[in-house]
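Okay, structure first, notes after.
The values are calculated or read from the model by the stated rules, or taken from the named source; none is laboratory data. On a predicted model such as this, the values are computed, not experimentally measured, just so you know. Please note: Cβ atoms are built from the backbone with ideal geometry, for glycine as well, and neighbour counts cover all protein chains shown. For accessibility, only protein heavy atoms count, side chains too; no ligands or nucleic acids. Shrake-Rupley method; radii C 1.70, N 1.55, O 1.52, S 1.80 Å.
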Amino acid sequence: VLDRGLGKWQQTLTFHKAEWTPKETQETVTVSCTRILNGRFVETKLELSDGSTLLMLATYDTQRKCYRRWEFHSNGQAAEKIGKWDADAKCMTWSGSAGNGLTSITTDRYVDADTLESRLVIKDGNGKVCLHVEARTTRAN
């Protein structure tokens, strides 16, 4: 399942109006995904236009029998998520804590071999949407 994302991609992000993003904006980023650590992990790097970087590591944990992902942002933020694959919908749902009572849900739906549609929503402990990002990702190579 994780091999679906290998390669180089272009991603258009739409940051919807929410607590942390007072106005809607769009950004185009470059994404690269490779296998590392004897092929056990997929490393995904996003280079953002403001010079920041997001690094994600994902694997299937054979002991826990689940997909796991760790996210590291160059601004110091980090998160861990557990993934559930829905083969019929061709969709991975990643859920986890973003710290300080924040919850995070990311859905990655594979439209076809060259297109991925994603949605990230982070909410506070009261259910208020702090961040809502949607992305369309297309294969660059």
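Among the GluC sites (Glu not before Pro) within segment 1-92, which fall in a DSSP loop and have no more than 15 other Cβ atoms within 10 Å of their own Cβ? Could you put the intermediate results ahead of the total?
Numbers: sites: GLU19, GLU24, GLU27, GLU43, GLU47, GLU71, GLU80; in loops: GLU19, GLU24.
Answer by residue number: GLU19, GLU24.
Out of every Cα pair in segment 1-79, what percent are spaced more than 23 Å from each other?
Values: 881 of 3081 pairs.
Tail of P(r) above 23 Å: 29 percent of Cα pairs.
At each listed q (0.13, 0.27, 0.32 Å⁻¹), what is the log10 of I(q)/I(0) that the Debye formula gives for segment 65-118 modelled as equal alpha-carbon point scatterers?
-0.37, -1.06, -1.20
Packing-wise, with mean Cβ within 10 Å as the measure, how do 31-38, 129-136 rank, highest first? Please report the intermediate quantities before stating the final value.
Numbers: 31-38: 13.9, 129-136: 16.9.
With the highest mean Cβ count within 10 Å placed first, the list reads 129-136, 31-38.
Just to be sure I understand, if you calculate Rg and Dmax of the Cα atoms in Å for this structure, which of (i) 14.7, 43; (ii) 15.2, 54; (iii) 13.6, 42 do you get?
(i)
If R₀ is 22 angstrom, what is the calculated FRET efficiency for the pair THR103 and LYS8, using the beta carbon separation as r and rounding to 0.05?
Numbers: r = 31 Å, r/R0 = 1.41.
E between THR103 and LYS8, to the nearest 0.05, is 0.10.
Measuring with a 1.4 Å probe in the full set of protein chains, what accessible area per residue, in whole Å², belongs to the chain?
Numbers: 8300 Å² over 141 residues.
Each residue of the chain exposes 59 Å² on average to a 1.4 Å probe.
So for segment 1-68, taking the charge dipole from beta-carbon charges (+1 Lys/Arg, -1 Asp/Glu), which of THR28, PHE15, THR62 sits furthest toward the positive end?
THR62
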